[in-house]
Every structure is written in structure tokens, then in C-alpha cells.
């Protein structure tokens, strides 16, 4: 598998399937692990990083053969290819923008990715469509067990798995869900809801995780700490709050539709009109309009466009994907023109 092959397919987590998929875009479980015989990445020499990558690449290929993972050495990849992987949520921004020996192994359906030489020696994740925390955790736990049979993880009987960042010490598990919450944003309930979430020791982040802002009414909810809590407790802490947010979002959408249907319809169809006719459009603006369009589809206002098409457009409209699809590198203005043309073609206009 090559990076260009990813553009020909839709990752499983973008297909709009699974429980509460109208609101819960995806569920993710990520584990952080380090090997006892190497220093943390921030203290490792280039030679150590190189040996570490070679060891982990060989081990991933051998131990996870059943998962059919393809390994991409990012030191050899272009900045554009690395950005594509980041936009697809297969690697972090840190790995995409990093230097030196590093890489990622990815499954054909993009549900699994194993990052090498990020902040920790290993960052492995499973990501599924909809609310599916249990199966997501079981899948990445299976990968972790397969690797641990061949590797000597840094582990303390008192503290648990040792990681570069203290917030990951313990289980090393970060559980997260990506939510689409336009109804709560429009009705101005979002801040109150997230105040309650943060009091439960959960973090709220933007579309691309830590350090990013929310765009297109997308938010990630995840646990903040892992020390002193079991994997089951972490899954429960995140899983317990999601149904309430889903309920509030559905109520907000229905209230908007009931009390001011013309305003909701105007918002939805105005966004559709912009996407079908714009000649220049930025990535941030396209996210906002796709957000309204997605809400309209899930409210039954639009039937000719499938939710999974809109999910995929959120990714394909991003700068690196757009340039890969165009087959050339573009400046910001050129991307805005190309993005508008791409949207018109995808949504049935010339």
C-alpha cells in the first residue's frame, strides 16, 4: 500500500456507520509505550532513534502479520505525504512535523495505526466509526499484546507503563470520541455542557486533538489522566458522558427544527448553495458549511447526499489532500480555488 492509495478509499471510521453515527463521528483508543533499553525520544540520539525504528518496524511486521499493516518510513516521506496522514487522523501533528527516523504502520481499512518515534517509542491507536469504545479498545489491546510478547516495555509495578508525558503514565491509554455538535453550538448550550465535562476530568479538544481549535462544530472528548485508573474505568468515564451529549444534541436539533424551521432550512440550504457554487473557499469555511450540510442530512432535510460522502469531504477538502488530488503543490489562494472546484464536482455542480 502506498500513501496515494489512501485517497482512493474511505477509511472505515469515515463511513458514518455504528451506534449514534449521526453525532458520534468516531471512537478511538490510543496506547503509549516505551522500551526499557532505550531512553525517551527527547533524550535519544539519532543513532538510538534509528536502531529503535529498525527494531520496532521489524517487530510490528512480524508480530502483527494478521493485521496486514503497511509501514511508511516518514523520514523518507515528503511533507505533503506526512500531512495527508495527519489529516486522515492516522498520525499526530508531532510525528508529521518531526525530524529523523520515525514512521507509522497502517491497516488497509485505516482502523489501526502504530506510530514509531513520536513523543513515545510507540503510539498505537484503533479508530472506529460511531460510538464503539469496547471494540476499539479490544482491537488495539490485541495489537499491544502481540507486540509486548516480543518487546520489553518500560513498566513500574507501582506506577504502571512509563511514558514521556506524566499524564500518560499508568495504563498509557487515551480514550476519545469525536462528536459533531452544531445544535448545541447554535443554541449556545455548548460551553455549559463542556464545563460539566471538564469537571469529570475529561478534556475537550478540536478536530485534530491536543492544541487544536474546534472547526465545523467538531469536538474530541477524552480522558486527561491514566495513572491510578484501570483501562475499564477509563473506557467507562468517557463512555458514560457521551450518551448525555448525544441526547442534548438531538434535543437541540429538534428544538431548532420545531421552533424555527425556516432558519434551520436557510442555514442548511445556504451552505449547500455555497458549496455547489463557490469559486473560492477556504478550508475553514468549507468545514463550517459541511457541518451545516451534515446536520441537514441527518435531520432529513436533504436526502440526495449520503452522510458518508460529507464525512469524506471533510478530509478531502483539507490542504494536503487537495494538493494530492490536484497532483501539484498549490499556494493558499490556489488551494481555495481548487477546493471550490472540487466541491462543485463532488456535489453535482460544474
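Rule-based calculations on the coordinates, nothing more; no lab input. Bear in mind the structure is a predicted one, so any value in this text is a computation, not a measurement. With ideal geometry, Cβ positions are generated from the backbone for all residues, glycine too; neighbour counts draw on all protein chains shown.
So here's what we get for this one:
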{"quantity": "Most to least packed among 164-177, 70-83, 321-334 [average Cβ atoms within 10 Å]", "calculated": "164-177, 70-83, 321-334"}
{"quantity": "Alpha-carbon centroid distance for the pair the range 78-105 / the range 281-350, whole angstrom", "calculated": "22"}
{"quantity": "Burial ranking of peptide ranges 291-301, 59-69 (average Cβ count within 10 Å, highest at the top)", "calculated": "291-301, 59-69"}
{"quantity": "Relative contact order, percent, the range 3-238 [alpha-carbon distance under 8 Å, six or more residues apart]", "calculated": "26"}
{"quantity": "Alpha carbon centroid spacing (whole Å) that separates the range 56-71 from the range 1-45", "calculated": "15"}
{"quantity": "Relative contact order (%) - criterion: Cα under 8 Å, at least six apart; region: the range 1-126", "calculated": "33"}
{"quantity": "Percentage, to the nearest whole number, of Cα pairs in the range 32-79 over 14 Å apart", "calculated": "60"}
{"quantity": "Calculated SAXS-style log₁₀ I(q)/I(0) at q = 0.11, 0.22 Å⁻¹ - the range 1-135, Debye, Cα scatterers", "calculated": "-0.39, -1.36"}
{"quantity": "Rg followed by Dmax, in Å, when the range 3-238 is reduced to its Cα trace", "calculated": "17.4, 54"}
{"quantity": "The range 260-346: projected area of the alpha-carbon convex hull, averaged over directions, in nm²", "calculated": "5.2"}
{"quantity": "Within the chain, helix-based [θ] at 222 nm, where runs of 4 or more DSSP H residues each add -39,500 (n - 2.57), nearest 500", "calculated": "-14500 deg cm²/dmol"}
